[in-house]
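Chemist: Handing you a structure now.
We did not get these values from a lab; they are worked out from the coordinates using the rules stated. Here the structure is a predicted model, which is why all the values come from computation and not from measurement. Quick reminder, even Gly has a Cβ in these numbers, built from the backbone with ideal geometry, and neighbours come from all protein chains shown.
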Amino acid sequence: MDYEKLCKNILELDSKIRFTGVVNTKGVLINNFEQVGVKQYLSPDELKMSIHYSMWEWEKSQNLSHELGFEKSSVLEYDKVTLISIPIDDSNLFVASIEPNEDFFKMIMKIKSLIQTATKE
């Protein structure tokens, strides 16, 4: 899968998407894009910390998958941004931040659609 293309295409879906990225199981940000002209709230080190927390949450949810099924998405709402994570496969996690107070459910559905399309290519 072309993760660079995926991140770029998702960023272009909506101007309310601030950041897109793909993280591997080692917590390394493989590809990422940011909306031009949007204030970034996190320093590079804080971004790494945020990604670490997203990965940790994903790993925790996998511990319950035998009972609940696999995680389909996760949302964290903050005052300044909403963070979304969506598993792409067993070893990669898509992460995004969107403007606060946006309809994150609709955004997740749009993102999942593009991920499914990219998976089939």
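Chemist: Quick one: which of Lys5/Lys60; Lys80/Lys106; Lys5/Lys120; Lys48/Lys80 span more than 24 angstrom between C-alpha atoms?
Modeler: Numbers: Lys5/Lys60 29 Å; Lys80/Lys106 19 Å; Lys5/Lys120 14 Å; Lys48/Lys80 18 Å.
Result: Lys5/Lys60 exceed 24 Å.
Chemist: Given springs between every Cα pair under 10 Å in a Gaussian network model of the chain, which of Val22, Val75, Val95 has the largest fluctuation?
Modeler: Ranking Val22, Val75, Val95 by mean-square fluctuation puts Val75 first.
Chemist: Let me ask something else about it. Give the residue list of chymotrypsin sites (Phe, Trp or Tyr not before Pro) in region 40-78 that are DSSP loop and have at most 11 other beta-carbon atoms within 10 angstrom.
Modeler: On the way: sites: Tyr41, Tyr53, Trp56, Trp58, Phe70, Tyr78; in loops: Tyr41, Phe70, Tyr78.
Here the sparse-neighbourhood loop sites are Phe70, Tyr78.
Chemist: Counting C-alpha atoms alone, how compact is the chain: give Rg to one decimal and Dmax as a whole number, in angstrom.
Modeler: Cα-based Rg and Dmax for the chain come out at 13.5, 43 Å.
Chemist: Then there is this: Provide, for q = 0.20, 0.26, 0.29 Å⁻¹, the log10 of I(q)/I(0) from a solvent-free Debye sum over equal Cα point scatterers in region 17-77.
Modeler: One equal scatterer on each Cα of region 17-77 leads to -0.88, -1.24, -1.36.
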